[in-house]
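Here the structure is laid out as structure tokens; the discussion comes afterwards.
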Amino acid sequence: MPAPQPPRSPLAGGFLIALGAMLGAAIGLLTALGPTRGFLAGLSAGIAMSLAIWLLDRKRDG
């Protein structure tokens, strides 16, 4: 009888959302983009990367 597989912990992408929002606001503050637009752009990029990680992790579970 094969040994049961240990539970695998899922990858976390929430850090990317927070990092994108903070970096976007900082970059927007230093450029003509503006902090609000930079925040929203960084937040969108972070969400997109987190979604990609989630989809890859889900596919890996197969």
(request) Scan ALA21, ALA25 and give me the residue that is surrounded by 14 or more Cβ atoms within 10 Å (Cβ to Cβ), over 11 Å from the mean Cα position of the chain (by Cα) and hydrophobic (A, V, I, L, M, F, W, C). (result) ALA25
(request) Specify which of the listed residues (ALA26, ALA3) is among the aliphatic types (A, V, I, L, M) and in contact (Cβ under 8 Å) with a residue 12 or more places away in the chain. (result) ALA26
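Conditions (1) in a helix (DSSP H, G or I); (2) in contact with a Phe, Trp or Tyr (Cβ under 9 Å, 6 or more places away or on another chain); (3) not acidic (Asp, Glu), marked per residue:
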site: LEU11; (1), (2), (3): no, yes, yes
site: ILE17; (1), (2), (3): yes, no, yes
site: GLY24; (1), (2), (3): yes, yes, yes
site: ALA32; (1), (2), (3): no, no, yes
site: ILE47; (1), (2), (3): yes, no, yes
site: SER50; (1), (2), (3): yes, yes, yes
site: ASP57; (1), (2), (3): yes, no, no
(message) Checking LEU43 against (1) at pLDDT below 95; (2) open to solvent by less than 80 Å² (accessible area, probe 1.4 Å); (3) over 24 Å from LYS59 (Cβ atoms), only one condition comes out false. Which one?
(response) (1)
(message) Quick check on ALA32: is it free of Cβ contacts under 8 Å to residues at least 40 places away in the same chain and open to solvent by less than 70 Å² (accessible area, probe 1.4 Å)?
(response) no
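The values are calculated or read from the model by the stated rules, or taken from the named source; none is laboratory data. This one's a predicted model, so the numbers in the text were calculated from it and none came from an experiment. All Cβ positions, even for glycine, are placed from backbone atoms using ideal geometry, and neighbour counts span all protein chains on display. Remember, those area values only see protein heavy atoms, side chains included, never the ligands or the DNA or RNA. Shrake-Rupley method; radii C 1.70, N 1.55, O 1.52, S 1.80 Å.
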